[in-house]
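Comments concern the structure below.
The values are calculated or read from the model by the stated rules, or taken from the named source; none is laboratory data. This is a predicted model, so every value here is computed, not measured. Here Cβ is always computed from backbone atoms with ideal geometry, including for glycine, and neighbour counts include all displayed protein chains.
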């Protein structure tokens, strides 16, 4: 029984380990010689696997940096769906981002190592923006599923995501306060700034 | 005298004409055979110029679609700088976007022809997002120059841009109202949505 369970679990665990090794190899190579001078084959070789294995895990050498987005998306859309009925869109999104804090904190060490590489590489910056756009589309759908009308759902998802991104940036510049505090502060700034639109 | 003036003006006018021809050739080819199957050399050949001339005008075959952004950026940052002293950040941005309406309207025919190509081409979508991020950075600087403190300037520039983009999308779906009306409506939606964050 124990053996069976282990062998069943061994497949994904092994796949995850290869994935992590490819991600670590990519980060090392991008730091050592730059993104442009690194090929998928180089990353595979450094990780001790074939190029074919690389492409079984990632569609291209940008994607290696962004696979955590799927987990974040699922967590956020699940949290939006679970917010009490009658909660307005931006408060619902604020609550969802608060629920994502443990996930963000868990990924922080690797996020911090990747950040300078992304900042220095237009191709990775563009993919990062595309991933954020994907998150916004998923949050728009999640708000729509709560009965928020179309043009408002898209606006709120985008504005909510940008307020979250502002909180992440402020937290990176000031780790003295935790991400929960920065989230509340950024959403409060949004409220005050928008209040001047009368 | 007249001859001198004409010959001085002829250089940029001719350059602009080549630029427009390259942009039209790129649009035609992307529609005919797709972005991926079109090279810079193909675009140059269709426009009747050399590949070298292509690269004198554009850094790559994505950039052909996005050179209007520089004009929009200059107009918006100039408008933010010219808003009466004491105007709060989001109202200042709303005023700037209203001033950009004639430029947007003038570009509308080509924008509408490019839109389906961009929507169908991840590489162009990513460049489009990167261009918008560049606009946000320029607007952040423009707000900072008005004395808006740092974390608020970046948040407002991003949220203002989101609201403008929402207005553009709504206008594309409903040309019955003009862009000014859609801008006011989107900024009012933002105010009401943010008001629920108390």
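Only one of (1) within 24 Å of residue B:114 (Cβ to Cβ); (2) surrounded by fewer than 23 Cβ atoms within 10 Å (Cβ to Cβ); (3) within 20 Å of the chain's Cα centre (by Cα) fails for residue B:184. Which number is that?
Unmet for residue B:184, out of (1) within 24 Å of residue B:114 (Cβ to Cβ); (2) surrounded by fewer than 23 Cβ atoms within 10 Å (Cβ to Cβ); (3) within 20 Å of the chain's Cα centre (by Cα): (1).
Looking only at the stretch B:118-140, which residues are at pLDDT 95 or above and away from every other protein chain (no Cβ under 12 Å)?
Correct list: B:135, B:138, B:139.
Residue B:89 - would you say it is assigned by TED's automatic domain parsing to the domain that holds residue B:141 and surrounded by fewer than 14 Cβ atoms within 10 Å (Cβ to Cβ)?
Against the criterion (assigned by TED's automatic domain parsing to the domain that holds residue B:141 and surrounded by fewer than 14 Cβ atoms within 10 Å (Cβ to Cβ)), residue B:89 does not qualify.
Looking at B:40, B:26 in this structure, which one is free of Cβ contacts under 8 Å to residues at least 60 places away in the same chain and surrounded by fewer than 20 Cβ atoms within 10 Å (Cβ to Cβ)?
Details: B:26 fails: surrounded by fewer than 20 Cβ atoms within 10 Å (Cβ to Cβ).
Checking each option against the conditions leaves just B:40.
Need pairs with beta-carbon distance below 8 Å; first residue touching a residue at least 40 places away in the same chain (Cβ under 8 Å) and within the stretch A:54-69, second in a loop (DSSP other than H, G, I, E, B); sequence gap 6+ or separate chains.
A:64/A:58; A:67/A:58
So for the stretch A:93-115 (the condition being surrounded by fewer than 18 Cβ atoms within 10 Å (Cβ to Cβ), within 12 Å of another protein chain (Cβ to nearest Cβ), within 30 Å of residue B:170 (Cα to Cα) and at pLDDT below 95), does at least one residue qualify?
Within the stretch A:93-115, none of the residues are surrounded by fewer than 18 Cβ atoms within 10 Å (Cβ to Cβ), within 12 Å of another protein chain (Cβ to nearest Cβ), within 30 Å of residue B:170 (Cα to Cα) and at pLDDT below 95.
Please find, within the stretch B:171-198, the residue that is farthest from residue A:187 (Cα to Cα) out of those that are facing chain A (nearest Cβ under 9 Å) and at pLDDT below 95.
Looking at residues that are facing chain A (nearest Cβ under 9 Å) and at pLDDT below 95, I get B:173.
What do you reckon, is residue A:148 surrounded by fewer than 22 Cβ atoms within 10 Å (Cβ to Cβ), within 12 Å of chain B (Cβ to nearest Cβ) and within 24 Å of residue B:133 (Cα to Cα)?
No.
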